[in-house]
Every structure is written in C-alpha cells, then in structure tokens.
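Trainee: Can you keep this structure in mind? I'll have questions shortly.
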Amino acid sequence: PASTVIAFYMGHDEGGLGGRRVDWRTVGGGSISYVRKAIAAIGPDIRTGEPVTGVRQEADGVVVTTAAGSERFDYAVIGAHADEALAMLDNPTERQRTVLGTVRYNSSDVVLHTDDSVMPATRERWEAWNYGKVSADGRSRTYVAYYMNKLHGFTAEQDYFVTLDYPREIRPETVIARFPYTHPIIDNQVRELQKDIYDVNEGTRVKLCGSYFHSRKLGWDQIGSHEAGFSSGAEAARRLLDELDGRDA
Ligand SMILES: Cc1cc2nc3c(=O)[nH]c(=O)nc-3n(C[C@H](O)[C@H](O)[C@H](O)COP(=O)(O)OP(=O)(O)OC[C@H]3O[C@@H](n4cnc5c(N)ncnc54)[C@H](O)[C@@H]3O)c2cc1C
C-alpha cells in the first residue's frame with residue numbers, strides 16, 4: 001500500500017530516526033562481536049548447517065527433526081521466515097497456520113562485487129545507499145546499490161558494492177558472492193495481521209518470531225525490519241521464560 005512506501009520514506013528522512021542527526025552508538029568490532037558473544041554463551045549445543053525438517057508440537061513438549069534424527073525439547077522458538085516456519089511445522093495450530101500463511105515473500109538477487117559501473121558516474125555523488133535506473137530488456141528498471149566502504153566505514157582502497165536486483169550483467173570477474181534473499185511483503189493483509197500477531201504465541205509450545213512481526217515499541221512495522229526481528233525474538237524468549245516459571249501458565 002502507498003502508506004507503507006510513504007511511512008518508509010518518513011522513517012528515513014530528517015524527521016525519522018534513520019535520518020536524525022543523533023550520536024549513534026555502534027558495537028565495537030561490528031555485529032560479529034555480539035554473534036561471538038551469543039555463541040560463547042550458548043556453548044557447544046549450538047548446531048549450524050543442520051536444517052530443521054520437522055517440528056511436532058505435543059501437549060508437554062516439542063519434537064524437532066533434522067537429518068541427524070529427532071529430539072525432544074520442552075519448548076522451541078522458530079526464528080525463520082513465515083513460509084519456512086510453516087513448512088517446518090508438522091501440526092500447526094489454526095492461528096499459526098493463518099499467521100504464517102498470510103505473509104508473502106519477495107526474492108532479491110543480492111550480489112557482493114567490485115564493479116563500479118553500478119554507481120553514479122560522478123564519484124562525489126556516491127552515497128551509502130544509492131538508487132539507480134537503467135534500461136534493460138527494452139524497459140526502464142530500478143535497483144539499489146550499497147557502497148559498502150561508506151556504509152561500514154571500510155579503510156580498504158578497493159571499493160565494494162552490494163546490489164539488489166541489478167537488471168544488467170555485473171562483470172563476472174568482479175563478483176565475490178551471490179545471495180538469494182527473501183523479504184516479507186508488508187501488504188494490507190499483513191498490516192491487519194500485525195494488530196494482534198503476538199497472540200499467536202499464547203499458550204503454545206512453539207513460539208514464533210521474525211521480521212514479519214512488528215516492533216511493539218515502534219508500532220506496526222512498515223518494512224519488515226531488523227527492529228521487528230529483534231523485538232519479536234526478545235518477546236518470544238520472555239514469554240517462554242515466563243511460562244517455564246509458571247508465571248503465565
Ligand atoms: C540487502 C538487505 C538490506 C537490508 N537492510 C535493512 C536495513 O537497513 N534496516 C532494516 O531494518 N532491515 C533491513 N533488511 C531487512 C532485515 O535484514 C531482515 O528483515 C531481517 O534480517 C530478517 O530477520 P529474521 O530473523 O526474520 O530472518 P533471517 O535473518 O532471514 O533469519 C532466518 C533464519 O532462519 C534460518 N532457517 C530457515 N529455514 C530453516 C530450517 N529449515 N532450519 C534451520 N534454520 C532455518 C535461515 O538460515 C536464517 O538464518 C535488509 C535486508 C536485506 C536482504
């Protein structure tokens with residue numbers, strides 16, 4: 001909806017948090033610092049590269065299945081995209097099915113590369129976020145290019161770029177990595193859903209979270225942001241701990 005687009009730009013201009021001249025505080029060493037801290041806190045129980053193929057909810061626990069077999073837990077939190085979470089659940093509740101089945105996703109071809117032809121011709125105009133328009137396949141197409149050196153304050157002499165859905169070919173020898181990312185489409189149905197989306201976790205052994213929720217602090221989320229993912233994850237953990245303590249049982 002137009003309101004989503006308008007809200008996005010209002011959120012990123014001078015009046016919104018994104019554009020506000022504030023003294024930003026950043027994590028020293030970048031986000032990998034808190035990832036390392038979380039890994040150290042969780043310890044050897046952490047398992048990567050072992051996709052979950054099934055999650056069965058039972059009255060007194062949850063059975064999680066991967067290629068390595070099935071394991072029983074008291075509770076589970078699924079922090080995947082809505083469609084991925086729905087595919088994992090063997091027996092979703094009616095509410096889980098409605099919530100997870102409503103959110104549609106859009107996929108983007110994301111490329112990390114060093115081809116500066118995606119950037120404005122004049123170097124002075126290079127910003128951290130750049131919007132471009134080129135003609136391809138006989139029509140005018142738009143794309144986004146992040147200038148990583150400016151975005152992340154790199155000191156490297158080499159320029160690095162990340163493009164989303166660049167409609168032309170990026171010189172293959174400049175491509176470092178390619179990622180197929182999907183992003184929730186915040187349409188009117190999702191906006192409607194977000195009014196009481198947190199109810200989905202009431203009394204269930206499987207708690208859901210992710211950027212298709214919204215941040216309670218910021219109100220309805222307009223873009224499927226980091227804040228929505230963080231805030232819903234923290235709330236899922238809080239609710240689970242409350243239920244374990246019997247406070248909310
Ligand atoms: C290029 C780009 C730029 C962005 N810029 C911004 C920005 O500036 N500001 C902002 O607020 N947001 C931004 N976003 C959006 C934001 O990054 C995402 O919305 C957010 O990271 C999504 O968080 P999530 O936890 O819901 O999902 P993800 O971070 O996608 O995490 C889901 C996880 O689930 C795992 N998973 C999936 N299936 C399974 C399975 N079967 N078993 C085990 N694990 C599984 C995946 O591997 C993944 O690690 C951007 C997104 C992109 C792609």
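Trainee: Accessible area of segment 60-143 with a 1.4 Å probe: how many percent of it is carbon plus sulfur?
Mentor: Heavy-atom surface of segment 60-143 belonging to carbon and sulfur, 1.4 Å probe: 46 percent.
Trainee: Please state the charge dipole magnitude for segment 129-173, taken about the Cα centre, from unit charges on C-beta atoms (+1 on K and R, -1 on D and E), reported in debye and rounded to the nearest 20.
Mentor: That gives segment 129-173 a dipole magnitude of about 240 debye.
Trainee: Using a Gaussian network for the chain with springs between C-alpha atoms less than 10 Å apart, which of these wobbles most: T53, T204, T26?
Mentor: Looking only at T53, T204, T26, the largest GNM fluctuation is found for T26.
Trainee: So with the 1.4 Å probe, I'd like the accessible area per residue for segment 111-175, rounded to whole Å².
Mentor: Per residue, segment 111-175 has 64 Å² of solvent-accessible surface.
Trainee: A further question on this structure: From zero up to wherever the largest Cα-Cα distance of the chain sits, split into 10 Å bins and tell me the percent of pairs in each.
Mentor: Going out from 0 Å in 10 Å bins, the chain shows 6, 23, 31, 25, 12, 3, 0 percent.
Trainee: Determine the order of D187, D165 by accessible area, beginning with the largest, at a probe radius of 1.4 Å.
Mentor: Of D187, D165, the descending order of accessible area is D165, D187.
Trainee: Sort H152, H226, H81 by heavy-atom solvent-accessible area, probe 1.4 angstrom, most to least.
Mentor: H226, H152, H81
Trainee: In debye to the nearest 20, how big a dipole does segment 94-238 give about its Cα centre with +1 on each Lys and Arg Cβ and -1 on each Asp and Glu Cβ? Spell out each step's value before the answer.
Mentor: Values: 19 positive and 20 negative charges, 71 e Å.
Dipole about the Cα centre, nearest 20: 340 debye.
Trainee: Going through the DSSP H helices of the chain, which span 18 Å or more along their own axis at the Cα atoms while scoring at least -0.5 as a mean Kyte-Doolittle hydropathy?
Mentor: Within the chain the helices that satisfy the rule are 226-244.
Trainee: Could you give each residue of segment 81-91 its phi-based ³J(HN,Hα) in whole Hz, using Karplus coefficients 6.51, -1.76, 1.60 with θ = phi - 60°, and x for Gly or Pro?
Mentor: 5, 4, 5, 5, 5, 5, 5, 6, 6, 6, 9
Trainee: Using only C-alpha atoms and all pairs of different ones, pull out the Kirkwood radius for segment 111-175 in Å with one decimal.
Mentor: Evaluated on segment 111-175, it is 12.1 Å.
Trainee: Also, quick follow-up: Can you find, among S33, V63, Q194, the residue sitting farthest towards the positive end of the charge dipole of the chain, where Lys and Arg contribute +1 and Asp and Glu -1 at Cβ?
Mentor: S33
Trainee: Ranked from highest to lowest mean number of other Cβ atoms within 10 Å per residue, what is the order of the peptides 139-146, 154-161?
Mentor: Ranking the peptides 139-146, 154-161 by packing returns 139-146, 154-161.
Trainee: Can I ask one more? Karplus couplings for segment 106-118 from phi (6.51 cos²θ - 1.76 cosθ + 1.60, θ = phi - 60°), rounded to Hz, Gly and Pro as x?
Mentor: My calculation for segment 106-118 gives 10, 9, 10, 8, 10, 10, 9, 7, 10, 7, 6, 6, 7 Hz in order.
Trainee: Just want the answer: with Cβ charges of +1 for Lys and Arg and -1 for Asp and Glu, which residue in H214, T98, N149 is farthest toward the dipole's positive end in the chain?
Mentor: After comparing all options, I get N149.
Trainee: Rounded to the nearest percent, how much of the accessible area of segment 148-199 (1.4 Å probe, protein heavy atoms only) is carbon and sulfur?
Mentor: Values: 1670 of 3320 Å².
Ligands and nucleic acids excluded, carbon and sulfur reach 50 percent.
Trainee: Turning to a different aspect of this structure: Place a +1 charge on the Cβ of each Lys and Arg in the chain and a -1 charge on the Cβ of each Asp and Glu, then give the dipole magnitude about the Cα centre in debye, rounded to the nearest 20. Let's see the in-between values first.
Mentor: Working: 29 positive and 36 negative charges, 93 e Å.
My answer is approximately 440 debye.
Trainee: Identify the residues of segment 150-185 with backbone N under 20 Å of a label point that sits 7 angstrom from the Cα of T26 along the Cα-to-Cβ direction, or state none.
Mentor: 150-163
Trainee: Roughly what % of DSSP beta bridges within the chain run antiparallel, to the nearest 5?
Mentor: 90
The values are calculated or read from the model by the stated rules, or taken from the named source; none is laboratory data. Source: prediction; values computed, not measured. Cβ sites come from the backbone with ideal geometry, for glycine too, and all protein chains shown count toward neighbours. Ligands, DNA and RNA are stripped out before the accessible areas are found, and what is left, the full protein with its side chains, is counted by its heavy atoms. Shrake-Rupley method; radii C 1.70, N 1.55, O 1.52, S 1.80 Å.
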